[in-house]
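A.B. asks: Have a look at this one before I ask anything.
What follows draws every value from the coordinates through simple rules; no lab data is involved. None of the values given here were measured: they were computed from a predicted structure. All Cβ positions, glycine included, derive from the backbone under ideal geometry; neighbour counts span all protein chains shown.
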Amino acid sequence: MTTHSDLLHKARQLLQTVTDPEIPVLTVEELGIIREVRMGQDGVLEVVITPTYSGCPAMGVIEVNIRAALQEGGLEPVRVITVLSPAWTTDWLTPSGREKLKAFGIAPPADASMDKKALLGERRALQCPHCGSTNTEMISQFGSTSCKALFRCHDCLEPFDYFKCH
C-alpha cells in the first residue's frame, strides 16, 4: 500500500529531473522555485512554485514540464500552484546550483550587498566564470533574460551573464 509520504517522496524525486528551460543545467529544485509538494484536501498532488521574477516567461513551460514529469512517473492528477509571496530570492539557489551556474559560464549571485552598492554607483567586482578574474564590468543591466545582467571580463575579454541578486 502506497502512503502519502511515499507519493510525496516519489514526486520530489521526479521533480529533480525537471530543468529550467532558460538554464538547462539547473533543475527547478536547484533554482529553489519548488516551495512545497503536498497532498491537497481533495487528494490531488499539489506542487507549489514561485517564479524567480513575477513576470518570468519560462514559468508556463516549467509548469507544463513539472506536470509532465509527475504524470509520466505515474502521479496524477497533479495541480501546480504559483505563489508570489514571499518573493523568490537568490538565497534559495542551492550550493550545487551555484556551482552549475559557474560551470555553465554564468556568474552566480554575489552577496546581495554588492548589488545594493551598484545602486549607489559603486563598481561590482564580480568574478569571471571563465578565468576567475575580478577585473570585470557591467555592460548592461539586462542580459539574455531579465534575471541576468551582462558583464565583460577585461582580462580574458569574454562576456558573461550574471545571475542578479534579489
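A.B. asks: Which order, highest average first, do 21-31, 54-64 follow once you tally other Cβ atoms within 10 Å for each residue and take the mean per peptide? Before the final figure, lay out the partial values.
C.D. replies: Values: 21-31: 19.3, 54-64: 15.2.
Going from most to least packed, we get 21-31, 54-64.
A.B. asks: Taking neighbour Cβ counts within 10 Å as the exposure measure, how do Cys131, Cys165 sort from fewest upward? Can you show the working numbers first?
C.D. replies: Details: Cys131 14, Cys165 17.
Fewest to most other Cβ atoms nearby, the residues stand as Cys131, Cys165.
A.B. asks: Another question, then. Would you kindly calculate the mean projected area, averaged across all directions, of the convex hull enclosing the Cα atoms of the range 43-86, in square nanometres?
C.D. replies: Across all orientations, the range 43-86 yields a mean hull projection of 3.2 nm².
A.B. asks: Explain nothing, just compute: Karplus ³J(HN,Hα) = 6.51 cos²θ - 1.76 cosθ + 1.60, θ = phi - 60°, for every residue of the range 60-73 in order, whole Hz, x for Gly and Pro.
C.D. replies: For the range 60-73, the Karplus-derived couplings read x, 5, 4, 4, 4, 5, 5, 4, 5, 4, 6, 5, 5, x Hz, x marking Gly and Pro.
A.B. asks: Of the residues Leu126, Leu84, Leu15, which exhibits the maximal mean-square fluctuation in a Gaussian network model of the chain defined by a 10 Å Cα contact cut-off?
C.D. replies: Leu84
A.B. asks: Next up: If you stretched the chain out fully between Ala103 and Ser146, how much longer would it get, using 0.36 nm times the residue separation minus the C-alpha to C-alpha distance?
C.D. replies: 13.4 nm
A.B. asks: Right, here's the next one. Determine, for the chain, the count of lysine pairs separated by eight or more sequence positions (or lying on different chains) whose alpha-carbon distance falls under 29 Å.
C.D. replies: Taking the Cα cut-off of 29 Å, the pair count is 14.
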